[in-house]
Amino acid sequence: MMRNSEQCPHGAIAKREVPKISLCNLPMDILSMILSLLPINDAVRTSVLSKKLKRVWCSHSNLTFDKGTMRKTYFRPSTGYYGVLRAKEFITKVDAVLHQHSGMGVEHMEIKFGLHSKHADHIDKWVNFAIASRTKEFVINLSGRPKSTYFGKLSCGNKRISSEEPYNLPSQLFSPSNGSYLQCLELRTVCLQLPSDFKGFLNLKSLSLVDVRITDEDVHSVLSKCNLLEFFEIAYCRMVTRIRMLHSLDRLKHLVVDICPKLQEIELNCSPTTLKYVGAFIPLISVSTSRLTNISMVFLTYQSSLSYIATGFPSTSPRLETLTLLCYEHEKTIVPEGPFKFTYLRNLRLELVISDYGKIDVLDYAYLLKIAPFMETLELPMWMVGRNRPYCKEDGELRIGLPHKHTHLKSVRISGFFGHKDQVELALHILRSSIALEKMEITPKLEISNNLALHDCCYEKPHYVDGHRIATEFVCKADYRNVVNVVKVPSSLEPSAAAMEA
């Protein structure tokens, strides 16, 4: 017992006994909650402390099996854990944990390791465990690689990501009784073939299919028989040619479609709030876009951004608030005229890869201020491919765009500013037109997403210095409100401050 002193009325000191707190003395429900916050490997290690703790971890609700939780136990203070975890060792460790687990109260089960069809016997047992334990969230990720590597391979035209035959999911996972408890299902680098009597997942709210070998028919079947879906992602599925929702999915809020190389058409029978698409420009048909507030699209083929914004899919979304769009531009756009306006649009990020010098006029993008009168933030990352001439007086006088007062734009960021004449003209037009502008940041640094731009070192010396100089000389000079900040990007060829001090 621990003792604590107290002063008595007559001056004597009495000893008050304070009970000693022990982890093992805590109630079972409190212990279960504490251990549920630990990775499974750490939860297993608590069993050496007492038999009670062993009983607790055997009902662990979060079973995540990956390189981290099944890591080797070799440890060096200088480097941390070391040693490559082989497939055989991983399988042995997972089998050992599941053999001791009670199979009760599993909320989340995740298998994340590079495995294939030759490991089917073991994976089948793990799937059966998830079914028997009525797991609510089930993740089978057998890729063994980060998702970013898929983008690089498929955007470059590679047909296959792995040379191994993928694991084929067992049919019992899709039976009405076994799948009724699933609320979240994530599948990666597997083969999915639905049984002919598939009735759907009655309670499934989130479904992710990444690098899954699946046919159009099975995609349609899943979407038509999972009526409670709120989130659906399909990415890097190389057999899929069409995504069609034959029945209305009224609850679907978030839809993600990411580089399915053979995809030709998307037909939606839903009205999500968020839509993300990466791939070639394809027809996108929707019954209703009344709830759509957030669109993010990356087109990997040539497409005029202004034409698409004003006449394409975004223009059919009356309540659109946030739009992110990346386009490869190679021809001058005929800016459409008309009364169309984005009255709800508040945030716009337009990424431009401009590949044909002389055909694209950057000043044309001043049109954005006209069609989005209530826009508050504007981001314009640019990559001027092959354009290497900063503005000089010999290029003629700077053009002044048609006067247009924008009363809501507060924040602007222009990146990839190399100092070309039309870039300067666009920056000046935005600065002069935006009467509520609070800040404008201009940087020469390339900020195109998905690593689509070449490495910065190709541009540092010739472009970064010129871009900073031109922005300072012409844009800052016209800034009478002190809202422009030209960011200087340090070149790797220049010594850092720390190096100079050393």
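Could you please put Ser248, Ser305 in sequence from largest to smallest accessible area, using a 1.4 Å probe?
The residues order as Ser248, Ser305, largest area first.
Using 0.36 nm times the number of residues separating Ser196 and Lys225, minus their current alpha carbon distance, what extension gain do you get?
9.2 nm
What nm distance separates the two modelled labels at Lys262 and Leu452, each placed 7 Å from Cα along Cα→Cβ?
That separation, rounded to one decimal, is 2.5 nm.
Just read off the accessible area of Leu202 with the full protein assembly in place, 1.4 Å probe, to the nearest 10 Å².
Spelled out: Leu202, probe radius 1.4 Å, area about 110 Å².
Label point 7 Å out from Ser177 along Cα-to-Cβ: which residues of the range 99-116 have amide N under 20 Å?
Under 20 Å, as judged by backbone N against the label point of Ser177, lie 103-106 of the range 99-116.
Would you list, by chain and number, the aspartates and glutamates whose Cα falls below 17 Å from the Cα of Lys118, excluding same-chain residues fewer than 8 positions away?
Within reach: Glu89, Asp95, Glu164, Glu165.
Which entries in Lys276/Lys421; Lys67/Lys147; Lys225/Lys262; Lys439/Lys488 show an alpha-carbon gap greater than 22 Å? Intermediate values should be presented prior to the final figure.
On the way: Lys276/Lys421 33 Å; Lys67/Lys147 16 Å; Lys225/Lys262 24 Å; Lys439/Lys488 16 Å.
Over 22 Å apart, Cα to Cα: Lys276/Lys421; Lys225/Lys262.
For the range 223-292 and the range 393-440, what is the separation of their C-alpha centers, rounded to whole Å?
37
Please list Arg349, Arg319 from largest to smallest accessible area, probe radius 1.4 Å, with all protein chains kept in place.
On the way: Arg349 50, Arg319 110 Å².
The most accessible residue leads, giving Arg319, Arg349.
Check the straight Cα-Cα distances from Lys445 and name the aspartates and glutamates below 17 Å, setting aside those fewer than 8 residues away within the same chain.
Cα-Cα hits under 17 Å: Glu351, Glu379, Asp456, Glu460, Asp466, Glu494.
The values are calculated or read from the model by the stated rules, or taken from the named source; none is laboratory data. Just so it is clear, the model here is predicted, and its values are computed rather than measured. All Cβ positions, glycine included, derive from the backbone under ideal geometry; neighbour counts span all protein chains shown. Areas reflect the complete protein model, heavy atoms only, side chains present, ligands, DNA and RNA absent. Shrake-Rupley method; radii C 1.70, N 1.55, O 1.52, S 1.80 Å.
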